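Encoded as structure tokens, the structure appears first; notes follow it.
Only the coordinates and a few stated rules stand behind these numbers; no lab work does. On a predicted model such as this, the values are computed, not experimentally measured, just so you know.
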Amino acid sequence: MHDRSIVLQTQTLNLRCWQERHRQCFRDMNSDPEVMDDLGGPLSTEESDEKFDRYVAAFDEYGFSRWAIEDLDGRFHGYVGIVPRRIEHPLGPHDEIGWRLIRNAWGKGYATEGAKAALDDVFSRIGLTEVLSYTSPDNIRSQRVMSRLNLQRDPSRDFLVNHPGMEPWHGLVWVARRQEGFKLP
């Protein structure tokens, strides 16, 4: 079990370990069709709760996961962070950074600001040396965040995932690497 009292603070955000008070906000975000468009649509309450519980369990096991994003007044804006991918995946075991924001938090730089803090945390506190990020070819907003983070595009790792009843999902891959004297932009 890892210290769940850790808070990553940025200039305008607090990244917190998940608390039960975040569960309903998480459900609301995951039920928004516009927010969930790139993942095939909204999640049910059960699916959202399962994902929430996976994020809590990942932090307890590994010491890192997705973080709940709050502004300095404590308002929920979404999540950002790194999750360990240890189950069957086309890329094999890896650590993946991602973000999802409620609709009214889009375009404010929260994903980039939070992702910088999350990457710095896993590179310095956890000691990871590589983190992957991936998105679909049409998710231009996430690709812009990856660019602002100076992640390196790695087409050799692009992959397809087949979900039952859906079109194959094409993942474009970017890489963040810890380097000597590492400093995020």
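Tell me, rounded to the nearest percent, the portion of alpha carbon pairs in the chain spaced more than 31 Å apart. List each step's numbers first, then the result.
On the way: 1623 of 17020 pairs.
Across the chain, Cα pairs with separations above 31 Å total 10 percent.
Residue-wise, which Karplus ³J(HN,Hα) couplings in Hz belong to region 76-84, taking 6.51 cos²θ - 1.76 cosθ + 1.60, θ = phi - 60°, and x for glycine or proline?
6, 10, x, 9, 7, x, 10, 10, x
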